[in-house]
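The values are calculated or read from the model by the stated rules, or taken from the named source; none is laboratory data. Since the structure is predicted, the reported quantities are computational estimates derived from the model, not experimental observations. When we count neighbours, we look across all protein chains shown, and the Cβ atoms used for this are built from the backbone with ideal geometry, even at glycine. Only protein heavy atoms, including side chains, enter the accessible area calculation; ligands, DNA and RNA are left aside. Shrake-Rupley method; radii C 1.70, N 1.55, O 1.52, S 1.80 Å.
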Amino acid sequence: MKNQEITNIKKEYLKFTKLNKPNYSLEETNCDICNSKKKILLSKKILWGKIYGHMPVVSCEECGYIYQKYKFDRNFNKDFYAKTYREKIFKNPTPSKNFLKDQKLRGKLLFDFLKKNFNIPNKGRALDVGCSVGLFLKPYENIGWDCHGNDPDKGFINYGKKNFHLNLSDEQAENMKFKKNFFDITIIMGSLEHCYDVNKVMRKCYDYSKKKGILVLEARGDPQSTSKKYFNHNHYRYFSLNSLELIMLKHGFEPVLTTRYPITGPSRKGSIFCIGTKTKKKINIKSIVNSGKKKESLLSIKFKFKYFELLNKGKI
């Protein structure tokens, strides 16, 4: 039954994305946070562009983390974001004026927020993982920082390099290479949902961060539409405030601020943020989850979605 489900999903999704290499593989996955195999089905179908397609979304029974039950291999992930993502999502291989304006504003708002509320040095190094055209880095570059960004979208990377003269690389985050203890600030603005191997990316962020270096995570946390539209095909995982903290703790960052407060302005409704600092403290994530301190129950997840669906129907 499972093998047939995998075969059907693979056939239909590859047709949808127009990536028809026969050697792509699709496999069942475990929880990224606690590695538990125990999962509960939340939704069978999710949004594939403008249609609904079969791609089960599950919740980990142990910690409440929400993710897609199956995952394509790394080659598919690379090809999708390099060749197909902008066409399927934005219908345009180059950034629009509104997109550029929004990224520039959001980057400035984040910079001002960190400067006001966190101990940022006058000179330093910044990294943007999944940077798109890279405009989140501009405020740091403007004050003389050494800035680096990466994204698998070659078209947007080239646009940022050509038009804004930014130091960007078209590569998957799993492939980035820097010196250890190199960056003062690392930002990942809505890109962890898209990574092939979220744990490898987080391990690298830890290695490359200086002692007490700042990590900023943004995620599409609270659904502002029906659950099926919230569960969309190009987000492989769906973070909550709790699971953002868990992924930070697992990889050696101490959460300092976890919030729904719109740090980067109102243009991304439903965004959530977790800002933490690198620590030498080793965390056994299993012990935290098993103690119940950081577990999100299935019941709380269920009623979160029910609440937002009632809200969007105008019933509350």
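Observations
- A probe of 1.4 angstrom, applied to the heavy atoms of all protein chains, finds D207 with accessible area near 60 square angstrom.
- Three-way shape label, the range 263-316, alpha-carbon gyration tensor, a/c 1.5: oblate
- The mean sequence distance of close C-alpha pairs (under 8 Å, at least 6 residues apart), as a share of the length of the chain, puts its relative contact order at 17 percent.
- Near D128, the amide H atoms lying under 5 Å from its own belong to H148, G149, N150, I187; only residues 5 or more places off or on other chains count, and H is placed 1.01 Å from N.
- Using the 1.4 Å probe convention, the accessible area of the chain works out to 50 Å² per residue with neighbouring protein chains retained.
- Taking each DSSP H run with n ≥ 4 as -39500 (n - 2.57) and averaging over every residue of the chain yields -10000 deg cm²/dmol at 222 nm.
- Selection of trypsin sites (Lys or Arg not before Pro), the range 123-166, meeting DSSP coil and at most 12 other Cβ within 10 Å: K123
- Sum of side-chain charges, S191 neighbourhood, beta-carbon under 10 Å (Lys, Arg +1; Asp, Glu -1): -4
- When the trypsin sites (Lys or Arg not before Pro) in the range 1-90 are filtered for DSSP coil states and for at most 16 other beta-carbon atoms within 10 Å of their beta-carbon, the remaining sites are K18, K37, K38, K50.
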